[in-house]
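The values are calculated or read from the model by the stated rules, or taken from the named source; none is laboratory data. Worth saying up front: this structure is predicted, and the values here are computed from it rather than measured. A quick note on method: Cβ atoms are made from the backbone with ideal geometry, for glycine too, and the neighbour counts reach across all protein chains shown.
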Amino acid sequence: MNRRIFTTRLSAFLGCLAGIAQISACGPNSPHPVYTPSPQELAWEQCHRAEVDDRGDAAVQCYAELCDQDPTYQRACYDLSRALFDMNKTERARQAAIGFVVRFGQHALAPAAVKRVRRSFSSTEAYASGIVAFRALAAKTSGRDVHDTVLFELAKLLRDAGKTEAEIMPLQQLVTTYDRWESQLWDDAMWRLIQIYKASGNALEEEQHIEALLATRESSWAIGSYNSPFHDDALLRLGYIYFERGSHDRAKACFEELAAQETSRLSDDALLGLARVERAGGRKEAACRLLQRIASMTAASERRRAADMRAAMGCS
């Protein structure tokens, strides 16, 4: 339910309980109370109207005045930065956005402000100043709801700057500071770390992070799986890590688990992995049967790979 509607109805209900409202106005069929905007909301509407009417400078001044009031109208502080970005007043916009995030790091719009600032540094290739600004922002927002977003966007900025090795630090800080249920970015950060370690050939770190990601798998009989969208990819990759190491039993367990998930987009890849395990173990007939199953799959790339393997093995 919309927060404004919920608050209005709650206020009316509490009024009924306190005997403030007339009894006739408290029944299930009574008219809903009329919502009266606050003076700050009315002022914000004027700012927004100026922006819609393409009076950008007036809108910026209006938002700034609301932001500077006591008490501050927090939404106006965000809109001040957004309007400045839209007017290509980038430096002022960054300052306004960073100020909003530092002051109101718990606000629902704080992550959007962080992302806008990062994009502004990346799009202008102002990497050095952006990295300095984001590292300072990460320190200032520690313990706030927006902190994980700051760390994740800092990692993106470092990646855009070609500093892949430095990207590890904020990602690692994110996945160790928060768990999967505390941050919506935990899965993405963990998977990015896995990709970095794979590309660098750091098999030990890659395996450890894959196992940490897979350890978060959980399911509920009531609403199904809580699995990350990266769990299937991680399980397939772990199977191949074991296979390349010669741990065929452990590889087979990974591939079998994934192949059993018929709705997985990687079930055919898992069957192909199983066929490779069987072939490596000298079990040609078992491998051929698995390859034949893949022939009925819809993924053309997997069908081609299976056909090549069948030909190489001499499957009938």
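Scanning segment 95-115 for residues that are more than 15 Å from the chain's Cα centre (by Cα) and charged (D, E, K, R) yields a single hit, R103. Number of residues in segment 236-288 that are part of a helix (DSSP H, G or I), closer than 18 Å to E211 by Cα and not charged (D, E, K, R) equals 14.
Within segment 115-139, the set of residues being among the hydrophobic types (A, V, I, L, M, F, W, C) and part of a helix (DSSP H, G or I) comprises V117, F121, A128, I131, V132, A133, F134, A136, L137, A138, A139. Applying a threshold of 9 Å to beta carbon distances and a minimum spacing of six or more residues, or different chains, the list of pairs starting in segment 42-68 at a residue that is at positive phi and ending at one that is not in a helix (DSSP H, G or I) is empty. In segment 291-306 there is no residue that is free of Cβ contacts under 8 Å to residues at least 12 places away in the same chain and of a type in the set (D, E). So, in segment 96-114, exactly how many residues are in a helix (DSSP H, G or I) and buried (at least 16 other Cβ atoms within 10 Å of the Cβ)? Qualifying residue count, segment 96-114: 10. Here S123 passes the criteria (1) more than 15 Å from T141 (Cα to Cα); (2) touching a helix residue (DSSP H, G or I) at 6+ places or on another chain (Cβ under 7 Å) except the one numbered (2). If you go through segment 263-280 and pick out every residue that is under 14 Å from H248 (Cα atoms) and under 27 Å from the mean Cα position of the chain (by Cα), you end up with 1.
If the condition is being in contact with a helix residue (DSSP H, G or I) (Cβ under 7 Å, 6 or more places away or on another chain) and surrounded by fewer than 19 Cβ atoms within 10 Å (Cβ to Cβ), then segment 157-167 contributes R159, D160, A161, T164, A166.
Just one of the listed residues (A113, A133, A93, A126) is of a type in the set (A, V, I, L, M) and free of Cβ contacts under 8 Å to residues at least 24 places away in the same chain, and it is A126.
Residues checked against (1) at pLDDT below 95; (2) over 17 Å from K115 (Cα atoms); (3) in contact with a Pro (Cβ under 9 Å, 6 or more places away or on another chain):
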residue: A64; (1), (2), (3): no, yes, no
residue: T72; (1), (2), (3): yes, yes, no
residue: R75; (1), (2), (3): no, no, no
residue: E91; (1), (2), (3): no, no, no
residue: R94; (1), (2), (3): no, no, no
residue: G99; (1), (2), (3): no, no, no
